[in-house]
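Contents: one structure, followed by commentary.
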Amino acid sequence: MSNDNSTKKYPVATPEIAALLGMDKSDSHSEHAPTVPVADLPIANLPVAHSAKEDHSPIHEKVHESVGMDPETDLALHPVSKSSALVKVLKSAIPYVAVFVVGLFLYYFFFSSVNFSSLLSFKNNTPATPKETALQQLEKQDLTAYNKWISGFYYDVSDAKVLDPETDNSGNGLSNFQKYLLKLNPKSYDTLGLGMADSQALAMNISPVSGGQITDAQKDIMSKYVDMEVVMNRLALSNMQNQGRVAGAAVGNNTYYNGSTSSNSNINNNNYNGNYNNNSNSNNNGYSITPTSGSDDIEVNTSVAGRLEIPDLKISVPIMWTSDPKNFDKDLQSGVVHYPGTAMPGQIGTTYISGHSSNYVWAKGSYNKIFSTLGDLADNTSFKITVVHKNGKVAIFHYVVTSRKEYSPTDQEQFKNTGKSIVALSTCWPVGSTAKRLVVFGTLTQVEK
C-alpha cells in the first residue's frame, strides 16, 4: 500500500459551520480548507430540528433531555397554539352547557306559564298581494303630489291618521290614496248623491264622478291598484262601525237598521229541527262536549290562526284574526278573515267571517276561490271552528247552518243576531262579482274543550 501524504480536500464550509467548529471565517472560504479527521470531530450539544407537527409526548421530552435540550427553549422555538387550547376548553364545556339548556327547558315546560303553543306556532309571513305591493310603491313615488292634493280638502289638520294614504276617511271602502288616483273627494261617501257608496258605484261600472260608465283610465287604475272584494269588506265593516253598533250586540225581534225596520226572519233558530245533535256528550278524543248558546268568557289567542272546517264542501281553511282593515288584502291570501270588532267564535253575538269566491288570475294565494261553493251549503249542515285560547288550550265550536241571504255590502241586517252565538260566513256574490254579499248563517250547538 502506498502512502499518499498529500493533503485531503474537503468541501468549503459555510460561515455557520465554520463558527461552530472554531474555524476562522477567512479559512472557511479559502480554496484549501484545513484537514480535520472525521473521527476527531467534537460532539456539540446542537439543537435538533423539529417538524411543524411536533410530538410533545413524555418520550419526546426524554429525547430532549438526552440531547441536552432545555424544554423552555424548545417551547420558545415552538409555541403551543392559543386557538387550539381554546378549542379544547370549549369542547370540555359543551356537555355542561347542554345539560344546563335541557334543564332550563324542562323547568319552563313543567313549572312556568309560558305558552309554548304560541311560541311554536307557525306565523304566516305571506308577502303582500300584487295590487297592494303596486299601490305601496306608487304611494312612495307620488307622496309629494298626494300630500298637496289632500291638503286641499283639510285645513290645519294635526291628526296624521286623517292624512294617511291608507286611511278611509269617508268610510266607503276606498283608501285615501285610491281616491286620489280616481279623483274622488276623500271626505265624500257618495260623491254625486247616487244613493250608494262610491265603491258600490265602481263595482257596478258606474263612475262616481260623472254618473256614467267608468272611463278607460278608471278601469286601468282599478285593474292595477284596487281589489274590489277587499274594498267591499272594508265598506261593510265601516258601515257596521259607523252605525254605532258593534256586530254581535243582542237586539229584539224588530230593530232599526239603515232607516228601516227589519225583522229577524233571516235567522230562524228553530229550523234545524234538532237534527244537529249527532254526537253524544263525549267523544273518543277525550273532549267534553256541551250543548251551548254561547258565552262571553272566551279568550282566543289571536296570534295563532284558527281553522274553519266545512266537510260537505271539502273546506278546511285557516281563520286570520284581522286586527285592522288595512290587512284584509294580505290576510285573504292566507285564509279567510274574521272582521275585527265582531264576536269571537263561541261568544254571544255574530262572528263575521269572509273569504274569496273568486279573484284575479294573476293573484297569489291558495284561497282565492275558497268560498266559491258557499251557496251549495244546505240548511242543517254542520261545520266547526277550532281556536286556541290564551291559556294554550284548544276549543272546537260546532255550528249548524240555519239560513242564508244576499245583502248589499252596506246592509246592517247581515250583522244582527238574537242574542245567541252565531257565525256569518260571507263572500262576494255571484262568483266573479262584488256587487252583493252571500251570507250563510250558522248557530252554535256544541263546544268541545
Specify which of the listed residues (Q141, Q178) is buried (at least 21 other Cβ atoms within 10 Å of the Cβ) and modelled with pLDDT of 90 or more.
Q178
Subset of the range 94-118, residues modelled with pLDDT under 80, surrounded by 10 or more Cβ atoms within 10 Å (Cβ to Cβ) and aromatic (F, W, Y), comes to F105, Y107, Y108, F109, F116
Enumeration of residues in the range 343-379 that are buried (at least 18 other Cβ atoms within 10 Å of the Cβ) and farther than 19 Å from C428 by Cα:
A343, M344, P345, G346, Q347, I348, G349
Report yes if some residue within the range 401-413 is part of a strand (DSSP E or B), modelled with pLDDT under 95, of a type in the set (F, W, Y) and within 24 Å of L313 (Cα to Cα); otherwise report no.
yes
Of these, A217, A201, which one is in contact with a Pro (Cβ under 7 Å, 6 or more places away or on another chain), more than 16 Å from G152 (Cβ to Cβ) and hydrophobic (A, V, I, L, M, F, W, C)?
A201
If only one of R404, R437 is over 29 Å from N301 (Cβ atoms), in contact (Cβ under 8 Å) with a residue 24 or more places away in the chain and of a type in the set (D, E, K, R), which one is it?
R404
So for the range 380-388 (the condition being within 12 Å of G442 (Cα to Cα), surrounded by fewer than 17 Cβ atoms within 10 Å (Cβ to Cβ) and in contact with a Phe, Trp or Tyr (Cβ under 7 Å, 6 or more places away or on another chain)), does at least one residue qualify?
yes
Test: residue in the range 188-205 that is in a loop (DSSP other than H, G, I, E, B), within 15 Å of M228 (Cβ to Cβ) and either among the acidic types (D, E) or touching a Phe, Trp or Tyr at 6+ places or on another chain (Cβ under 9 Å) (or both):
yes
Only one of these is free of Cβ contacts under 8 Å to residues at least 12 places away in the same chain and either touching a strand residue (DSSP E or B) at 6+ places or on another chain (Cβ under 6 Å) or within 19 Å of G432 (Cβ to Cβ) (or both): S372, S382, S316, S334. Name it.
S316
Just give me the residues in the range 367-382 being among the aliphatic types (A, V, I, L, M) and assigned to a loop (DSSP other than H, G, I, E, B), in sequence order.
I370, L377, A378
Of all residues in the range 414-447 being modelled with pLDDT of 90 or more and charged (D, E, K, R), the one that is farthest from P311 (Cα to Cα):
K436
Quick count over the range 432-449, residues being over 30 Å from A201 (Cβ atoms) and under 31 Å from the mean Cα position of the chain (by Cα), is 5
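The values are calculated or read from the model by the stated rules, or taken from the named source; none is laboratory data. Please read these numbers as outputs of a predicted model, since none were measured by experiment. Neighbour counts run over all protein chains shown; Cβ positions are idealised from the backbone, glycine included.
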